[in-house]
Amino acid sequence: MLKQITFLLTGCLITLVALLASCGILENEEFEVVPVVDCPTLALNFQDSCAVAGAMTGTVSQDCACIVTDSLDCPTLQANFQDSCRTADGTAGLISGNCVCTEPALDSLDCPALMANILDSCLIRDTFPGIVTGNCRCSSAIPDSFDCPVLMANIGRRCRTSSGARGSVTEDCECLLSFDCPELRLNFNDSCGLGNGQAGYVDTLNCACSPYDCPVFESNIGDYCKTAENYSGQLDENCNCITFYDCPELSGDVGDYCRTPERYLGRLDEACECDPVYDCPEVSKDIGSPCTTTEGYAGELDANCDCLITYDCLELQLNFNDSCGLGNGQAGYVDSLTCACSPYECITFEGNPGDRCRTAGNYPGELDEACNCVPLFDCPVFSRNIGDFCRTIENYQGKLDENCDCVPFHDCPKLFRDIGDRCITPVGYVGEVDADCNCTNDFACPILREEIGDTCIISRTGELGVVSNDCQCVGPDGPEYDCPDLQLNKGEPCTNSDGVLGFVDENCGCDVSRTAFDCLALERNIGDFCPVQDSLSGIVNSKCNCTLLDCQVLMANVGDACRRTDGSNGRVSQDCECE
């Protein structure tokens, strides 16, 4: 920490000096810059590396002396045993017990990928110091976080004994040798000596030293081996080392993909040679395949793998229906039957009946038998036919009529409705589209869309009733209320004894705590009609969203109660009919 703070202060001082110099403040000799280091004479800080006579490397002490430490295993190399190093040929290695940088055998290391053993020092992302953990990760874990801080390992994990052998951490935090077969002090499949002087292996079932199936190879049937030609193989039941591949030199089987010496794609044949997959490997295609010439023309690969232009009519070097010159100086076309240059039937258009053309108005057309260019569409301006969909000048959706005029679908395109259709008035009542395309409701009882005395359907019972003077749908015996004492229904406005406005609750009390509307943003209650986008009709749901009604003309959803034309009760069907 001290070195880091010192380094930071030194950097800040250098920056300050540069700023002062750029401003001309240091042009006189009133300032003297003195580096901030622990040892000005050495121009170094405590614990920095230093050099002494004899090319020996030391460390700056608290007395500002360069002290060569003899605590290193290999002072000449300035390293300890098992430290990382580079051999003479640049290969990564480790410091051996005789202070030589040697390349270790990978199977002798706990972590071959890191070229290190467990508990060795390492660098995290080549920058931050760490320790190699038992799972071969370079970790910055704090020693105190382990069961055994001195070993920086947990109980039961692998470790290295003082002799360098592999072991495991015991409950006493000692690194002791561990074996699959303690009596033999060997592990499963380790080599062992038989009584007859031959080599054997440790059996995994009974920890006995058993003879090999194949003594010559000192291995068992199924083990990997090397053939006499040094190819990789596997021991068969006769203790023969059989190569893995049909073509061991190429490490592949017959039929496998390969690369020819010219790096073309190929397959291994029975002779273990890599034959190109294509007749023309340079372009990865076979003879006769389509190709493109250097000039950009369509062609075909010939026997020499050259891309030659192909023609329907080789003598003319033209294709069917190509333009050609007649003897009289006029243009013609190549006949698909005879490959002859024939005159056009419609000379003016240089085409034949059925060919595409352009009308006098520059609309797309087709030549008829009389060589007239007939428009392709009934309404060429729109490139559409009569009855096709179109957009009016006002951008309303419509259809093309017999005069090729785009006529709106509806009498009132702004409302997406026809005259007489139901709609929602600006104040939220169900109305009807009038001849001026306005949504109006002129009924004495606009909510019911009925006149006083008209027949109506009582919503609570579904029975027929009569519209009263106060615009209520009541039975023949007079109005029926949910709360007779209040002469009101649940959910209707009321006034308590203090004159405060409220709404009738489920217990027929006047609840003044309820807001004026269920949905303040919409200024409506749940179940009220509401206008949605494009002037369509909707209804307020329990989440205070205005949802589109299924049947706009009936102003209802499928399954709602409705009144048939004969006055009887019905339900709205999937076809939006009151049935």
Selection from region 397-436 of residues that are crowded, with 18+ Cβ neighbours inside 10 Å, assigned to a loop (DSSP other than H, G, I, E, B) and acidic (Asp, Glu): Asp421
Kindly provide the set of residues from region 558-579 that are open to solvent by less than 40 Å² (accessible area, probe 1.4 Å) and under 18 Å from Cys423 (Cα atoms), ordered by number. Cys562, Val572, Cys578
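If we keep just the residues of region 306-333 that are part of a loop (DSSP other than H, G, I, E, B) and touching an Asp or Glu at 6+ places or on another chain (Cβ under 7 Å), which is modelled with the lowest pLDDT?
Of the residues in region 306-333, the ones part of a loop (DSSP other than H, G, I, E, B) are 306, 310-312, 314-317, 319-322, 326-330.
Narrowing the set further to residues that are touching an Asp or Glu at 6+ places or on another chain (Cβ under 7 Å) leaves 310, 319-320.
Working: Thr310: 81, Asn319: 86, Phe320: 88.
Only one residue fits best here, namely Thr310.
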Selection from region 304-337 of residues that are out of contact with any Cys (no Cβ under 8 Å at 6 or more places or on another chain) and under 14 Å from Asn352 (Cα atoms): Asn321, Asp322, Ser323, Ser336
If you go through Leu184, Leu151, the only one that is within 30 Å of Leu123 (Cβ to Cβ), modelled with pLDDT under 85 and either in contact with a Ser or Thr (Cβ under 6 Å, 6 or more places away or on another chain) or surrounded by 14 or more Cβ atoms within 10 Å (Cβ to Cβ) (or both) is Leu151
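From the list Glu218, Glu282, Glu249, pick out the single residue that is at pLDDT 85 or above, more than 30 Å from Asp302 (Cα to Cα) and not polar (S, T, N, Q). Quick ask: steps written out before the conclusion?
Working: Glu282 fails: more than 30 Å from Asp302 (Cα to Cα); Glu249 fails: at pLDDT 85 or above.
None of the others qualify; the one that does is Glu218.
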Name the single residue that is least open to solvent (accessible area, probe 1.4 Å) among those in region 169-181 being modelled with pLDDT of 80 or more, under 16 Å from Thr204 (Cα atoms) and assigned to a loop (DSSP other than H, G, I, E, B). Phe179
Within region 245-269, track down each residue that is open to solvent by 90 Å² or more (accessible area, probe 1.4 Å), assigned to a loop (DSSP other than H, G, I, E, B) and either touching a helix residue (DSSP H, G or I) at 6+ places or on another chain (Cβ under 6 Å) or of a type in the set (Asp, Glu) (or both). Asp246, Glu262
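Pick out the one residue from Thr293, Thr359, Thr348 that is β-branched (Val, Ile, Thr), closer than 30 Å to Leu265 by Cβ and surrounded by fewer than 16 Cβ atoms within 10 Å (Cβ to Cβ).
On the way: Thr359 fails: closer than 30 Å to Leu265 by Cβ; Thr348 fails: closer than 30 Å to Leu265 by Cβ.
Only one candidate passes the filter, namely Thr293.
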Of all residues making up region 383-392, the number that are open to solvent by 50 Å² or more (accessible area, probe 1.4 Å) and either among the acidic types (Asp, Glu) or touching a residue at least 12 places away in the same chain (Cβ under 8 Å) (or both): 6
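The values are calculated or read from the model by the stated rules, or taken from the named source; none is laboratory data. Just so it is clear, the model here is predicted, and its values are computed rather than measured. Every residue, glycine as well, gets a Cβ built from its backbone with ideal geometry; the counts of neighbours run over all protein chains shown. Remember, those area values only see protein heavy atoms, side chains included, never the ligands or the DNA or RNA. Shrake-Rupley method; radii C 1.70, N 1.55, O 1.52, S 1.80 Å.
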